[in-house]
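The next block holds one structure in the form of structure tokens; read it before the comments.
The values are calculated or read from the model by the stated rules, or taken from the named source; none is laboratory data. Since the structure is predicted, the reported quantities are computational estimates derived from the model, not experimental observations. Quick reminder, even Gly has a Cβ in these numbers, built from the backbone with ideal geometry, and neighbours come from all protein chains shown. Areas reflect the complete protein model, heavy atoms only, side chains present, ligands, DNA and RNA absent. Shrake-Rupley method; radii C 1.70, N 1.55, O 1.52, S 1.80 Å.
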Amino acid sequence: MNKPFGPIPEDLAILAVRDTVLFPGAVMPLPVGRESSLALLNSLEGPEKLLGVVCQLDPRVEAPVGTDLHNVGTLAKVHKMVRMPNGNVVAFLEGLGRIRLLENTGLKPFLRARVEEQPDLEDQRDAELTAMERNVQELFRDVVARSPQLSDDLQAEAMNIDSPSRLADFVASTLPSLNTMVRQELLETFSVRKRLETLANELSKEREVLELRSKIHEQVQEQVNQSQREFLLREQIKAIQKELGEADDSQSEVEELRKKVEESGMSAEAKKECERELKRLGKMTPASAEYMVSRTYLEWMTALPWNKVSGPGEEHIDIAKAQAILDEDHFDLTKVKQRLLDYLAVKKLQPGMKGPILCFVGPPGVGKTSLGKSIARAMGRKFVRISLGGMHDEAEIRGHRRTYIGALPGQIIQGIRRAETMDPVLMLDEVDKLGRDFRGDPAAALMEVLDPEQNSTFRDHYLDVPFDLSKVIFVMTANWLDPIPEPLRDRMEILELPGYTEDEKVEIAKKFLLPRQAKEHGLTLGEQVAFTDEALHELIHHYTREAGVRNFEREIATLVRKQARRMAEGQTDKLVVTPEVLHEVLGVPKFRLEKEAEERVKKPGVSVGLVWTPVGGDIVFIEASKMRGGKQFTMTGHLGEVMQESMRAALTWVRANSSRYGIDPDFFRKLDIHIHVPSGAIPKDGPSAGIAMVTALVSLLTGRPMRPRVAMTGEISLSGVVLPIGGVKEKVLGAKRGGIREIILPSENEPNVKEDLQSEMLADVQIHFVRTIEQALEIALGKFDVPIHPGTPSPLGEEHPIAGSALH
């Protein structure tokens, strides 16, 4: 034990304490308030007044028994008791040694127990133990020196302790950062060596925390001193300027901003807000952070074009000039141009009309963004483009509130400021790429911007005053409409821009792409470089596969760069790009669609469907396979719910009509069927491939391969009717790009073909319009000689299926 004392009473009074550990050799004032604890202190007699101090396992227990206490505690002597005014008693206790509780001997009126002395396991004092003792002393000295809570006298006291056990208990009782669990663990550690190891670890942690605290304090103090120094210097500068009679820069800035507010022509509400902000600014010191916030706000308010418009006025719009500009910038797009000219004509007659919100929808590279520029040029207005792709934060549209650090207005107000007029053509690009997350929904914020009934009082969060957007012409672009929320779509007038045909791309290349690329590369078209029509057709057909002309222009640029390099190397002869030159420069053709469309369908079970994607129409191969088994139908290819339902409907129709085509009616009992749509990483959905799925299944089960270069699209019903689909023009153009020569379409889509597709678009393509699945199968697989069984009439009530009408 640390200190000699008399014999321990056999029936020792036990004082249960909360979150407190008394170490041997330590003196501690302990407030006592429990009735049982007060009764214990009052019962102590004799000069020694010994008791056991044991920590509770759970400090929330009000009346602890033996099982609620730790097994190891401290034998203590009561030196003095002081009664407080509230009835509690403060007992001054001195720890004498460690004890272990053996058994409880009583609970009333206070806890008593039989205990035994627990001496230290004195390790042999060797060089290692001495080194550990000195390490703890050094660490404790560093902690005391850095801690504002510990007295410097503790350093000398610790250095004068010559017993490793007493040193460990002294440090443990003194260090305020140790929690109750660590203190109890140290009390229960009877090995002095292990006790010193634990203390060394805890002291090292505390030293690191105190070092970091000191570093942070020094940094803060340095910043405060710097701010005070700057304030004093600024006050001295003001005093010097006052003595010299010079003007105060801050006051001159306020007057300059006040003058800009008067000249800006802003609304009365905006002017009132600016004047209030100017008053605040005049009372601030330029060194304060609020000064810069107010100044930035006023600069934004005065920089906006509150009443500035561009051009001579809408009543002076020249329709003929506008048409010439549109024809100069874009080839074809007749319907879109007519709609734009109609809009400009109405604006000319009724300048105050609230214009529509135009939305150009089409695949990449068809000229959506450049159309917006042409509208601005035709009307003599500024053009501003804002990309919405990947935007997730509502504040990007409405702005941030001024309470945030680094707040700015939203993209709409920023675009108006860049345009420097309040009536620009504002293009919101890629509106279908808007996102949403916990920061809000930008699409919902756009509803106010795009509503002609509301946008005359658009309130940006940063400005916090109404701004008139009614004179702005909003033009939007998208690759497809599905991701756009319905309320936002309802505010737009949709103008679809389909893909270009091969002949249209050739004309676009001659009129726009070739002259532009030759100019950008420093060459003269016709004199230094030229392209044959055959080369352009070859480039479109075998090196690009797109609805627009973006990749087409990229390949042209590659060819023009080749000539630029030849001329830089001294070869000044003219380069005429022919199909042979094309193959030499660009290498092996990237696409051989005609061959693919023929090769893939040679095996039964493969059909060709038509799909519409955000990048234009395209062909898709649907493959069906059978294997021994029974009643299992597998569908793969990253398919959506609608497409999977369409596959199940196709299988049901084939099972119901198997006898028409010589198929075993019980085939599904004997075989497993698997339908796969290749390009499995690309999501696919929609019902328009239903007829192609039926064709693939019938081809598989009859062993008849599909006729080459035939593609189809159409939704099916269980009664065998082929239902209409959308995106006809895009799908037909995609089929032509894919080398298809015959297309099967629903008969109800015949008006779409006659209205949307010009005769040159249908060159080299034969279109069959069908009303029933039987008609489509006869065209795709050939006529079946199997007689129709009685009682299975066709959906049209006809005795035999008839071939669909054809359009050449």
ask   = Which loop chymotrypsin sites (Phe, Trp or Tyr not before Pro) in the range 526-570, with loop taken from DSSP, have no more than 12 other Cβ atoms within 10 angstrom of their Cβ?
value = none
inquiry  = Over the range 180-297, with the other protein chains present, what is the accessible area per residue in square angstrom, probe 1.4 angstrom?
reply    = 68 Å²
task = Given the peptides 603-610, 71-78, 533-540, arrange them by the average over their residues of other C-beta atoms within 10 Å, most packed first.
result = 603-610, 71-78, 533-540
remark   = The answer for the net charge of residues other than T702 whose Cβ lies under 11 angstrom from its Cβ, with Lys and Arg +1 and Asp and Glu -1, is +1
inquiry  = Can you give me the % of accessible surface on the chain that is carbon or sulfur? Probe 1.4 Å, all protein chains present, nothing else counted.
reply    = 50 percent
key: Anisotropy class of the range 99-187 from Cα gyration tensor, a/c 1.5 cut   = oblate
W480 accessible area, 1.4 Å probe, all protein chains in place, Å² to nearest 10 = 90 Å²
task = Provide the net charge surrounding N752, with neighbours chosen by a C-beta distance below 15 Å and charges set as Lys +1, Arg +1, Asp -1, Glu -1.
result = -3
request  = Distance check, please: which entries in K373/K505; K260/K373; K335/K382; K631/K731 exceed 26 angstrom between their Cα atoms?
outcome  = K260/K373; K631/K731
request  = Please give the peptides 775-782, 337-344 ranked by average Cβ packing (other Cβ atoms within 10 Å per residue), highest first, as a rough proxy for protection.
outcome  = 775-782, 337-344
With eigenvalues of the C-alpha gyration tensor scaled by 5 and rooted, the range 611-676, Å = 26, 13, 11
The range 332-375: mean projected area of Cα convex hull, nm² = 3.4 nm²
note = By the C-alpha gyration tensor axes a ≥ b ≥ c (rounded if a/c is under 1.5, else prolate when a/b exceeds b/c, else oblate), the shape of the range 18-108 is rounded
key: Separation of alpha-carbon centers, the range 269-308 and the range 120-155, rounded to whole Å   = 62 Å
inquiry  = Within 13 Å, Cβ to Cβ, of F633, how many net charges do the neighbouring residues add up to if Lys/Arg are +1 and Asp/Glu are -1?
reply    = +3
1.4 Å probe accessible area per residue over the range 360-474, in Å² = 38 Å²
ask   = Of S759, S747, which has the most accessible area with a 1.4 Å probe, and how do the rest follow in descending order?
value = S759, S747
request  = Using DSSP, restrict attention to beta bridges with both residues in the chain and report what percent are antiparallel, rounded to the nearest 5.
outcome  = 55 percent
query = About its Cα centre, what dipole magnitude does the chain give when the only charges are +1 on Lys and Arg Cβ and -1 on Asp and Glu Cβ, stated in debye to the nearest 20?
reply = 880 debye
remark   = With DSSP loop assignment and no more than 11 other C-beta atoms within 10 Å, the GluC sites (Glu not before Pro) in the range 44-88 are E45, E62
Sum of -39500 (n - 2.57) over DSSP H runs of 4+, divided by residues of the chain (222 nm, nearest 500) = -13000 deg cm²/dmol
query = Cα gyration tensor of the range 294-436, axes a ≥ b ≥ c as square roots of the eigenvalues: rounded (a/c below 1.5), prolate (a/b > b/c) or oblate?
reply = oblate
query = Excluding ligands, DNA and RNA, what is the solvent-accessible area per residue of the range 27-140 at a probe of 1.4 Å, expressed in Å²?
reply = 54 Å²
